[in-house]
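Single-structure report; data block below.
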Amino acid sequence: MSYFEQFMKANAAYVDLHGTAHLPIKPKTRVAIVTCMDSRLHVAQALGLALGDAHILRNAGGRVTDDMLRSLVISQQQMGTREIVVLHHTDCGAQTFTNEAFAEQLARDLGVDVAEQDFLPFTDVVESVKEDVQLLRQSPLIPDDVVINGAYYDVDTGKIIAVTEA
Ligand SMILES: [Zn+2]
């Protein structure tokens, strides 16, 4: 038994609420949000976003990886977004391990060697936001006139705190 069956039932109710409407493919606010996969962060609700408003790009930690850049380039150059918000959060799963310990765990449990891989853990959420904002500012794939801001979300209060860029 998986949750999938339950999801299909929930979706039937959602379809009733949704109704039929075709929104434009290009996000209305022209914003892309780079954030974490954390289940306690409901990005749309936290930022007041409706369907069709923004691209929300998520991975573990909300880190600027090659694949995050791939999505951002498509978001900007194909879908017209012109602003980026890096949104990390407190109590992140990316703060619970080091690369070394994680590599040891995966070698033991899965028999794989990932000693060379950086899983992008971090200790200080303000620093991780600044790091990723800096990576975006330095990337030749992101035009200089794109507005880039960074912030973090407090999972206990729902409050978003702006981070001053380095
Ligand atoms: Zn996280």
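The values are calculated or read from the model by the stated rules, or taken from the named source; none is laboratory data. Note that the coordinates shown come from a computational prediction; the quantities given were computed from them, not determined experimentally. As a convention, Cβ positions derive from the backbone with ideal geometry for all residues, glycine included, and neighbour counts pool all protein chains shown. To get the accessible areas, we keep the full protein, side chains included, count just its heavy atoms, and leave off ligands, DNA and RNA. Shrake-Rupley method; radii C 1.70, N 1.55, O 1.52, S 1.80 Å.
Of note:
For (1) among the hydroxyl-bearing types (S, T, Y); (2) open to solvent by 40 Å² or more (accessible area, probe 1.4 Å); (3) in a loop (DSSP other than H, G, I, E, B); (4) within 14 Å of the ligand (Cβ to nearest atom), each residue gets a yes or a no:
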{"site": "I33", "(1), (2), (3), (4)": "no, no, no, yes"}
{"site": "L41", "(1), (2), (3), (4)": "no, no, yes, yes"}
{"site": "A44", "(1), (2), (3), (4)": "no, no, no, no"}
{"site": "L51", "(1), (2), (3), (4)": "no, yes, yes, no"}
{"site": "L72", "(1), (2), (3), (4)": "no, no, no, no"}
{"site": "V85", "(1), (2), (3), (4)": "no, no, no, no"}
{"site": "H88", "(1), (2), (3), (4)": "no, no, no, yes"}
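- Taking each residue of the range 141-162 that is within 25 Å of R30 (Cβ to Cβ) and looking for partners that are open to solvent by 80 Å² or more (accessible area, probe 1.4 Å) with beta-carbon atoms closer than 8 Å, six or more apart or interchain, yields I148/R137; N149/A162; G150/A162; A151/A162; Y153/K159.
- The condition (being under 25 Å from S39 (Cα atoms), surrounded by fewer than 13 Cβ atoms within 10 Å (Cβ to Cβ) and more than 13 Å from the chain's Cα centre (by Cα)) is satisfied by just one residue among A115, A101: A101.
- Some residue of the range 53-70 being open to solvent by 30 Å² or more (accessible area, probe 1.4 Å), touching a residue at least 40 places away in the same chain (Cβ under 8 Å) and within 15 Å of A151 (Cβ to Cβ): no
- Residue within the range 4-22 that is open to solvent by 40 Å² or more (accessible area, probe 1.4 Å), among the polar types (S, T, N, Q) and within 14 Å of the ligand (Cβ to nearest atom) present: no
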